[in-house]
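The values are calculated or read from the model by the stated rules, or taken from the named source; none is laboratory data. Because the structure is predicted, anything quoted here is derived from the model rather than measured. Every residue, glycine as well, gets a Cβ built from its backbone with ideal geometry; the counts of neighbours run over all protein chains shown. SASA here: full protein model, heavy atoms, side chains in, ligands and nucleic acids out. Shrake-Rupley method; radii C 1.70, N 1.55, O 1.52, S 1.80 Å.
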Amino acid sequence: MLLAGRPRVEARRFSAVTSPRPEGNNGSDPAQYLYDYNVFTDTKSAYGWNVVTGQGTLYSSSPANANGVEIVMVEDPSSFDDGSRLISPTLADFTNGWTPRHRTTFLDLGAGDAAWETSIAPDPLNMVESVALLEDHTYAFRTHDEHWGKLRVTELMKNVVVFVPGSRPVYLNSARFTFALQLIQDYRRFKAAR
């Protein structure tokens, strides 16, 4: 039965438009921060999301974690200010042999609250597999399985001392961030429509 002449299809579209968009962060414990990848440390440099719940998980660079990894943080080799980058797992040294399904693309939406409040995802043709990581910047990302999300760097700490057993310490950047993930596949809305 139709109410007030509204077809059932509209109800389905309404539920999609107001789909949940889980938000979270990577915590306040430095052990949960994302660090530049370094082969000599056990710091975590990869992150991924469960597309059913929207929950995020910090990962080590082990191939055993291949199915969960969506983004990787690495030192920017061309940076003069000890910078870092977010990269697609397909570009990371430790992912040699991983399949192309691990391709994630990014776009820097800029700094501040206005960037974080972006409601529509960008055109996929404007996105790249590597982007400079900057404090207070928001990054749109699209995972290999076509889920859209955004990530805002809330704190970027440069040259944090990380101790390596039996060796000299290394200095890595680490990052705290908040995120939001769209659970509907290839649905380019970050926020519910009004």
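Kindly report the accessible area of the stretch 105-167 per residue (heavy atoms of protein chains, probe 1.4 Å, no ligands, DNA or RNA), in Å².
Dividing the accessible area of the stretch 105-167 by its residue count gives 45 Å².
Carbon and sulfur: what percent of the stretch 100-161's accessible surface (1.4 Å probe)?
Carbon plus sulfur share of accessible area: 52 percent.
Ordered by packing density, taken as the mean number of other Cβ atoms within 10 Å over each peptide's residues, highest first, how do 115-125, 150-160 rank?
150-160, 115-125
Amide H of H137 versus every other amide H placed in the peptide plane: which residues, excluding those fewer than 5 positions away on the same chain, fall under 5 Å?
Close amide H contacts, sequence-distant or interchain: V153.
Rounded to whole Hz and in sequence order, give me ³J(HN,Hα) for the stretch 67-72 from the Karplus expression 6.51 cos²θ - 1.76 cosθ + 1.60, θ = phi - 60°, writing x for Gly and Pro.
In residue order, the calculated couplings are 5, x, 7, 10, 9, 9 Hz.
Taking H placed 1.01 Å from N in the peptide plane, check which residues at least 5 places from D76 or on another chain put their amide H under 5 Å from its amide H.
Under 5 Å from the amide H of D76 lie the amide H atoms of G83, S84, R85, each far enough along the sequence or on another chain.
Rounded to the nearest 10 Å², what accessible area does F177 show when all protein chains are kept and the probe is 1.4 Å?
10 Å²
Considering only the other residues whose Cβ falls under 15 Å of the Cβ of S174, what net charge follows from Lys and Arg at +1 and Asp and Glu at -1?
With Lys, Arg at +1 and Asp, Glu at -1, the net is -4.
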